[in-house]
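Reading through the C-alpha cells given below for one structure.
The values are calculated or read from the model by the stated rules, or taken from the named source; none is laboratory data. The structure presented is a predicted model; accordingly, all values stated were derived computationally and were not measured. Please note: Cβ atoms are built from the backbone with ideal geometry, for glycine as well, and neighbour counts cover all protein chains shown.
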Amino acid sequence: DAKTTQPPSMDCAEGRAANLPCNHSTISGNEYVYWYRQIHSQGPQYIIHGLKNNETNEMASLIITEDRKSSTLILPHATLRDTAVYYCIVRVANNAGNMLTFGGGTRLMVKP
Amino acid sequence: EPEVTQTPSHQVTQMGQEVILRCVPISNHLYFYWYRQILGQKVEFLVSFYNNEISEKSEIFDDQFSVERPDGSNFTLKIRSTKLEDSAMYFCASSPGTGGRGANVLTFGAGSRLTVL
C-alpha cells in the first residue's frame with residue numbers, strides 16, 4: 001500500500017470547517033483513499049473513502065486531486081466531539097480482507 | 001446500527017498467564033481482524049481471518065498468539081503466556097468482504113484493555 005503523509009496536529013474552531021490534508025504521491029491506480037478516525041482510544045471509526053471522484057456522506061466530504069496524489073477530508077461544521085486522531089490510509093481497491101496500515105494520523109483539536 | 005462487540009473491556013493478568021479476548025463480529029461479515037494499540041503508539045495490525053483460517057498476519061503475531069472462531073458468532077484472540085509488553089488495547093474488527101463499494105470497510109469494536117503485571 002502507498003505511504004501517506006499527514007500533519008501531526010491541527011486546530012479548528014467549533015462550527016467552522018475542518019480541512020485535513022493528506023499526501024499520497026505514490027498512490028497506484030487501483031488504490032482507494034480511506035479515512036478513519038479514533039476518538040480518545042476508542043476503536044477506529046470509518047469516515048469515508050474514494051478512488052478519484054469527490055465523495056460526500058453524512059459525516060464528511062472527501063476531495064481528491066485530479067492527479068490523485070493528495071486529498072482533503074472536510075468536516076463541514078466541526079463540533080467538540082470531532083476532536084480525534086484522523087487517519088488517511090491508502091489501500092488496494094476493494095481487495096476484501098486486506099489489512100489497514102495505520103500511520104500517525106492528524107490529531108485534530110476542535111476548540112470552543 | 002450493527003456493531004462489533006468485545007469482551008472483556010478491561011482485563012488485568014499476571015505475566016505468564018493465558019488470556020483470551022473475545023469478539024462478536026457483525027453477523028453477515030466474512031473477514032475478521034485483530035489490531036492492538038500500545039498506549040501512546042500507533043494502531044498495529046495483528047491478524048486477519050477468513051473462511052476459518054488466517055489470511056494474513058504481522059510479525060507481531062508470533063507463536064504466543066492464536067485466533068479461533070469457535071462457533072458461528074465468536075472470534076477470539078488467545079495470548080498463551082502473556083508478557084509485560086503485551087499490555088495494550090486490543091481491537092477486533094470485521095468487514096463484509098462482499099457487496100461492492102463497502103466490502104472493504106472495517107468496523108471496529110470498542111476494544112479490550114489488557115494490563116499485564
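Which of the residues spanning the stretch A:12-47 are more than 20 Å from residue A:61 (Cβ to Cβ) and surrounded by fewer than 19 Cβ atoms within 10 Å (Cβ to Cβ)? Residues satisfying the conditions are A:25, A:26, A:28, A:29, A:30, A:40, A:41, A:42.
If a residue has to be surrounded by 15 or more Cβ atoms within 10 Å (Cβ to Cβ) and more than 12 Å from the chain's Cα centre (by Cα) to count, how many in the stretch A:56-84 make the cut?
Here is the first cut: in the stretch A:56-84, the residues surrounded by 15 or more Cβ atoms within 10 Å (Cβ to Cβ) are A:59-64, A:68, A:70-75, A:78, A:82-84.
Within this subset, residues satisfying the condition of being more than 12 Å from the chain's Cα centre (by Cα) are A:68, A:78, A:82-83.
Of the residues in that region, 4 qualify.
Mind checking which residues of the stretch B:50-72 are of a type outside the set (Ser, Thr, Tyr), touching a residue at least 12 places away in the same chain (Cβ under 8 Å) and within 19 Å of residue B:19 (Cα to Cα)?
Taking the stretch B:50-72 as the starting set, the residues that turn out to be of a type outside the set (Ser, Thr, Tyr) are B:51-54, B:56-57, B:59-65, B:67-72.
From the residues that got through so far, the ones that are touching a residue at least 12 places away in the same chain (Cβ under 8 Å) too are B:51-52, B:54, B:60-61, B:63-65, B:67, B:69.
Selection gives B:60, B:61, B:63, B:64, B:65, B:67, B:69.
Residues that are surrounded by 10 or more Cβ atoms within 10 Å (Cβ to Cβ), more than 19 Å from residue B:95 (Cα to Cα) and of a type outside the set (A, V, I, L, M, F, W, C) within the stretch B:38-61 comprise B:41, B:42, listed in sequence order. Residues that are among the aromatic types (Phe, Trp, Tyr) and within 13 Å of another protein chain (Cβ to nearest Cβ) number at least 3 in the following strands (runs of 3 or more DSSP E) confined to the stretch B:36-93: B:43-50. Sub-6 Å Cβ pairs linking a first residue in the stretch A:16-33 that is free of Cβ contacts under 8 Å to residues at least 60 places away in the same chain to a second residue that is of a type outside the set (Ser, Thr, Tyr), at least 6 apart or interchain, are A:19/A:74; A:25/A:69; A:26/A:2; A:33/A:50; A:33/A:90, ordered by first then second residue. In the set (1) at pLDDT 95 or above; (2) in a loop (DSSP other than H, G, I, E, B); (3) closer than 18 Å to residue A:101 by Cβ, residue A:7 fails one condition alone, (3). Considering the conditions (1) surrounded by fewer than 17 Cβ atoms within 10 Å (Cβ to Cβ); (2) not in a strand (DSSP E or B), residue B:29 is excluded by exactly one of them, (1). When the stretch A:85-105 is filtered for residues that are assigned to a strand (DSSP E or B), surrounded by 19 or more Cβ atoms within 10 Å (Cβ to Cβ) and within 13 Å of chain B (Cβ to nearest Cβ), the ones remaining, listed by number, are A:85, A:86, A:87, A:89, A:90, A:91.
Could you tell me whether residue B:11 is surrounded by 16 or more Cβ atoms within 10 Å (Cβ to Cβ) and either assigned to a strand (DSSP E or B) or modelled with pLDDT of 95 or more (or both)? Spell out the reasoning first.
Values: surrounded by 16 or more Cβ atoms within 10 Å (Cβ to Cβ): yes; either assigned to a strand (DSSP E or B) or modelled with pLDDT of 95 or more (or both): yes.
It is true that residue B:11 is surrounded by 16 or more Cβ atoms within 10 Å (Cβ to Cβ) and either assigned to a strand (DSSP E or B) or modelled with pLDDT of 95 or more (or both).
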